[in-house]
Amino acid sequence: MQIRALSTRPGRTDGASGGRYRNQAALRVLSVLSAFGGPERSLGVTELARRLGMNKNMVHRALTTLAVEGYVTRDPSGVRYQLGYRVLTLAGDDDEFDIRALARPVLEELHALTGESVFLSIIVGRSRVNVDWIEARGRRVSASRRGRSVPLHCTKMSRALLACLSNREIAEYLASAEPLTRYDALFPETADATAQDVWDDIARVRRDGFITWRNPQQYSANYIAFPLLDGHGRPHALVTVGGPLERFGPDRIDGLMPRMRALIAPLQQQCRHVAAAPVIVEEAA
Amino acid sequence: MSSSARRALRILETVGAAERPVGPTEIGRALGISAGTVFRGLDALERGGYVARFQASAKYVLGTSVGGLRQNVLAQFAIRDVCMPYLRQLAFASGETASLTVRLGWHGVRIAAAPGTNEVTSSPPLGTARLLSDGCASRVILALLGPGSAAAFTAWAHKHRQVVPSKAALDRDLKKIRERGLAVEETAFARGRAALALPVRGRAIAAISIEGPVLDLRRPESHDDLPHWREIVRSVERLVQARPALFAGPFDHLDPDTVVLP
């Protein structure tokens, strides 16, 4: 985030007093603090002085004031300074990136458009977890237990998220998940899978930017899923629409495609501006 | 050193602590200084983007510079990003806000949160610091910090005139937390119900909390989903144990006794 640079030119006048700006010291201290809003983790006195156009003595005094209050602290080297813990306790509006809140309106619109069940899934460790959904009425694709984990190679929905990782990560994951048939009893739709089957699905998602699949095990359910990626192509989440085949078959999906894409595109755009949470798929000892 | 700078920081903290936009008169009353002096401080703060006028009125809210600096500090806690997906999973599994608290001096500070699905929430902002004796997340950390830490905490608290429970009461409670592997805290708005915190043990101790009234205060371990929640937190624990660097925080090099928060 940009922190505005403060002008600390001496002689700047205050409209009220007409004389020398009376808050010079406060301005200096605040501009030293602002300098820590950049990408550097720590800054030295000389560096700050050069950057802010102050002499080292002024910078040193400003840092001392800020350090007494906990707004800056010495870094581990003991020579340079870093932002202090006191900054944290200035409660602000955090406007934290919340993928669930951001995606919710789109899930509702997709549900209204299709009349089918809609899901939002994220990667948690080595699994996919659905963190929001809207279930359709009547005959429908139903949701699993709240917050249940599904391994990243089991179910096509999981594979659509797995596809968003790098080839190296996927290979590492697949190697450590052997035997891939371990969870077949729980996820019959992708039973007897080989690593090649998983790679084939990954290639499809990557080629099309979405994936559709039929689930022969679940009353012939049919699905379409769209990944939400950050600016580096890392996965935030996956949006899936699923319905019974007789109602939500390939033709209907084709017909709805332009409108589904139009609903999802702005959300995909928003997601690109925020870095996704890191994914660590390697198995912890 | 410059009192106008310190005054500006006090004004900034007052604006930050206020629950709604505040004007110079109100700030002056809170700090015992004149509205004119406050106005000069606000002017300096406004120039730096630390405060901003609320909808072009004469009242102020925190400015964008504060958010930028806060994000900069938060981003230095590696565990925060790594934890986020797990917090989202917990928030959805429990319906309540799930949060991460790490140790900062003799305080626990809330550095990450995933909002729950329930509409009613009373979660504090990120950066909220509580004494290690105060609240379930803090107490889980204190209980698992290791031998002697409760005594060191109490000694520090007395030196800094902090109000803390008696050593005996604290010891009793910490013992129970160690036995259960969980701390509970009665929720103010739902009597008899409790929020909970579970420990994340690694190179340091952190706590993951579910901040809503999910447990029965008298029988906290009877909840059907508790094993599932514990399993999610254990996944985080395994991750940070395999990669100790994830537990590195920006203030690890500071002597806890020197960290003084308001």
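Values in this text are rule-based calculations from the coordinates and carry no lab data. Note that the coordinates shown come from a computational prediction; the quantities given were computed from them, not determined experimentally. We place every Cβ from the backbone using ideal geometry, glycine too, and count neighbours over all the protein chains shown.
Modelled label positions at A:Asp192 and A:Leu245, each set 7 Å beyond Cα in the direction of Cβ, lie 1.7 nm from each other. Per-residue mean of foreign Cβ neighbours for B:14-25 is 1 (Cβ atoms of other chains, 10 Å radius).
GNM on chain B, alpha-carbon springs under 10 angstrom: the most fluctuating residue among B:Ser138, B:Ser166, B:Ser57 is B:Ser57.
Taking 0.36 nm per residue of sequence separation and removing the Cα-Cα distance, the B:Asp216/B:Arg180 pair yields an extension gain of 11.5 nm.
3J(HN,Hα) along region A:245-254: 4, 5, 9, 10, x, x, 5, 5, 4, 4 Hz, from the Karplus curve 6.51 cos²θ - 1.76 cosθ + 1.60 with θ = phi - 60°, whole Hz, x for Gly and Pro. When only Cα pairs below 8 angstrom with a gap of at least 6 residues are kept, region B:3-65 shows a relative contact order of 35 percent. When chain B is treated as a GNM with alpha-carbon contacts under 10 Å, the residue of B:Leu142, B:Leu126, B:Leu31 showing the greatest mean-square fluctuation is B:Leu31. The calculated pair-distance distribution of region A:127-233 uses every alpha carbon pair, bins of 10 angstrom beginning at 0, and gives 13, 47, 33, 6, 0 percent. Comparing B:Ala245, B:Ala207, B:Ala44 in a Gaussian network model of chain B (Cα springs below 10 Å), the most mobile by mean-square fluctuation is B:Ala44. Close amide H pairs (under 5 Å, H built 1.01 Å from N) link A:Asn222 with A:Asn215, A:Gly243, A:Leu245, residues at least 5 positions away or on another chain.
In angstrom, the C-alpha Rg and Dmax of region B:1-100 are 17.6, 52.
Sequentially through region A:76-88, phi angles give Karplus couplings (6.51, -1.76, 1.60; θ = phi - 60°) of x, 5, x, 10, 8, 10, 10, 4, x, 5, 4, 4, 4 Hz, Gly and Pro residues having no value and appearing as x.
Restricting everything to alpha-carbon atoms, can you work out Rg to Rh for region B:91-153 with a Kirkwood hydrodynamic radius? Rg divided by Rh gives 1.05. Note on A:Glu40/B:His160: beta-carbon distance plugged into 1/(1 + (r/R0)^6) with R0 of 41 Å gives a FRET efficiency of 0.80.
Using the Cα coordinates of chain B, the gyration tensor eigenvalues translate into equivalent-ellipsoid semi-axes of 35, 21, 19 Å, sorted from longest to shortest. In degrees from 0 to 90, rounded to the nearest 10, what is the angle of the helix A:24-34 Cα long axis to the longest principal axis of chain A? For A:24-34 against chain A, the angle is about 30 degrees.
Residue by residue, region A:49-66 carries 3J(HN,Hα) couplings of 4, 5, 5, 9, x, 10, 7, 4, 5, 5, 4, 4, 5, 4, 5, 4, 4, 5 Hz when phi is fed to the Karplus relation 6.51 cos²θ - 1.76 cosθ + 1.60 (θ = phi - 60°); x denotes Gly or Pro. For A:Leu229, the residues whose modelled amide H falls within less than 5 Å of its own, excluding neighbours fewer than 5 places apart on the same chain, are A:His236.
What FRET efficiency do you get for A:His60 and B:His253 if R0 is 22 Å and r is their Cβ-Cβ distance, rounded to the nearest 0.05?
Result of the calculation: an efficiency of 0.60.
Counting only residues at least eight positions apart within a chain, or on another chain, the lysines with an alpha carbon under 16 Å from that of B:Lys175 are B:Lys167. Between the amide H of B:Tyr60 and those of B:Val22, B:Gly23, B:Phe54, distances stay under 5 Å, these residues lying 5 or more places away or on another chain, with hydrogens modeled in the peptide plane.
Would you please calculate the Kirkwood hydrodynamic radius of chain A over all C-alpha pairs and express it in Å, rounded to one decimal?
22.7
For chain A, the relative contact order comes to 14 percent (Cα pairs under 8 Å, sequence separation of at least 6). Which stretch or stretches of region A:240-271 have amide N atoms under 17 Å from the point lying 7 Å from A:Ala112's Cα along the Cα→Cβ direction? Residues A:259-267 fall inside that zone.
Annotation: the protein assembly as shown has a Kirkwood hydrodynamic radius of 25.7 angstrom, from the mean reciprocal C-alpha pair distance. Within chain B, no helix built from a complete DSSP H run reaches 27 Å or longer along its own axis (Cα positions) while carrying a mean Kyte-Doolittle hydropathy of 1.0 or higher.
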